[in-house]
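Values quoted throughout were computed directly from the atomic coordinates according to the rules given, and no laboratory measurement underlies them. All figures in this text were calculated on a predicted structure; none of them were measured in a lab. Here the Cβ is made from the backbone with ideal geometry for all residues, glycine too, and neighbour counts use every protein chain on show.
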Amino acid sequence: MDEATSQQAVQRVAPLLAPSATPGSAAPCAAPANTGFMGWPVELAAPDRARAADVALVGIPLSEPYSGQADPNDQAKAPDAIRAQSHQIWDGPEHWDFDLGATWSECLPPRCWDLGNWLPATQRSGPGFSRFLQEAASAMGELFAAGTQVLVLGGDHGASIPVLMGLQGLARPVHVLHIDAHLDWRDEVGGVRHGYSSPLRRASEMPWISGMTQIGLRGTGSARRAEWEAAQAWGSHCLSARQVHASGMQAVIDALPEATDFYITIDADGLDPSLMPAVMAPAPGGLRFEQVAALIAGAGQRGRIVGMDVVEVAPTYDLANQQTCITAGRLLLQALAATWGPGVQQQRPQRSPKD
Ligand SMILES: [Mn+2]
């Protein structure tokens, strides 16, 4: 991207820049446009306070853009669009949640905070983006190191990359559970290495990522023979959506490692487009909600879900009743239920002590 184009890109993303951010600084920053996720308190404080959270919700609306594509893209609207459906995702902590088998007030830890939207404060490409990436990863790393469970709303799938980088803060191996129609193993696209086609390739380069399970695969984007063979050579456990439908999700759960930390990354197009229609690359034959919910619960039984993201929701394409945004929120609640729900806590590995 040349200088003039870069300047135009800066101007286009200007409305999304953090109003309170000082030049050159990055996350955490902007307040949500409407409400905290699930009505949680919005904490835009410095990372040293944020790391006291038991559960932290973070919006990451932007990643490294591809040349010639809309910037910001539609997925950048998703964190606030999903927050805005909080009243549809639950009816408050005192209501019975049938997926949880309890009320949330009985289960959630005391400090569930929404940390707002983390945004690059300067330009999106080149050194400014690299700085955002490093600073966001560092802030994430502090949360993980403190034992905070991190829930992320993208953004496109490039939003997962700083979170995956931040998993280094755990100082323990992490297994990545990836639900997606697409492989996302591109090394680069037009010179861009941190865009939405590359999150799992970047993960494969991180020494703290001990393994990955990729399921729901059926879309041909981001996977040519070279990418497929690279994933196989690395040892990624890849299952197409058809394979999951044929053998059942329990077989996937049984193949997960035990007593490990899991990070779950869910591309909305991994689910069937009848369930999550508001995506940029819909692919028929996707996973069902109950399959994904079972997988999340299974991960919570076999190990500890240290974090999860839901990415690639494109709110402009949602149904009038915001079904995709509501489903995205319900997916995050499955991770909370699998971590804090009845019967889980006794088996959950010890959390890191808080300061
Ligand atoms: Mn993806």
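Here the label points at Ala52 and Ser274, each 7 Å from Cα along the C-beta direction, are separated by 4.9 nm in the simple model. For Trp340, Trp234, which order do you get if you count the other beta carbons within 10 Å of each Cβ and list the fewest first? Sorted ascending by nearby Cβ count, the order is Trp234, Trp340. Subtracting the Cα-Cα distance of Arg224 and Glu94 from their residue separation scaled by 0.36 nm leaves 41.9 nm. For region 231-299, the fraction of C-alpha pairs more than 20 angstrom apart is 32%.
When restricted to Cα atoms, the chain yields an Rg and a Dmax of 18.6, 57 Å, respectively.
Let's test the formula: R0 of 25 Å, r as the Cβ-Cβ distance of Ala70 and Ala33. What FRET efficiency results, to the nearest 0.05?
Efficiency, rounded to the nearest 0.05: 0.85.
Between Asn321 and Glu205, the distance separating the two model label sites (each 7 Å from Cα on the Cα→Cβ line) works out to 4.4 nm. Simple spin-label estimate for Gln134 and Phe289 gives 4.3 nm between the two label positions (7 Å along the Cα-to-Cβ direction from each Cα).
Dividing the helix sum by the residues of the chain, where each DSSP H run of 4 or more adds -39500 (n - 2.57), gives a mean residue ellipticity at 222 nm of -9000 deg cm²/dmol.
Its Cα centre serving as origin, the chain has a Cβ charge dipole (Lys and Arg +1, Asp and Glu -1) of approximately 400 debye. Stretched out straight at 0.36 nm per residue, the stretch from Val189 to Gln243 would grow longer than its current Cα-Cα span by 16.6 nm.
Ranked by how many other Cβ atoms sit within 10 Å of their own Cβ, fewest first, the residues Val42, Val192, Val306 fall in the order Val42, Val192, Val306. A dipole drawn for region 126-229 from +1 and -1 charges on Cβ atoms has a positive end, and of Gln168, Gln134, Ser197 the residue lying farthest that way is Ser197. Using the Karplus relation 6.51 cos²θ - 1.76 cosθ + 1.60 with θ = phi - 60°, the per-residue 3J(HN,Hα) values for region 244-253 come to 5, 5, 6, 9, x, 6, 4, 5, 5, 4 Hz, with x marking Gly and Pro. For region 132-140, putting each phi into the Karplus relation 6.51 cos²θ - 1.76 cosθ + 1.60 with θ = phi - 60° gives couplings of 4, 4, 5, 6, 5, 4, 5, 5, 4 Hz, in residue order, rounded to whole numbers and with x for Gly and Pro. Between Met249, Gln323, Leu271, the Cα set farthest toward the positive side of the dipole of region 238-330 (charges on each charged residue's Cβ, about the Cα centre) is that of Met249.
Amide H contacts for Ala102 (H built 1.01 Å from N in the peptide plane; partners 5 or more residues away or on another chain; cut-off under 5 Å): Asp97. Couplings 3J(HN,Hα) of region 311-322, computed from phi: 10, 6, 7, 10, x, 4, 8, 6, 5, 4, 8, 6 Hz, in residue order, whole Hz [Karplus 6.51 cos²θ - 1.76 cosθ + 1.60, θ = phi - 60°; x for Gly and Pro].
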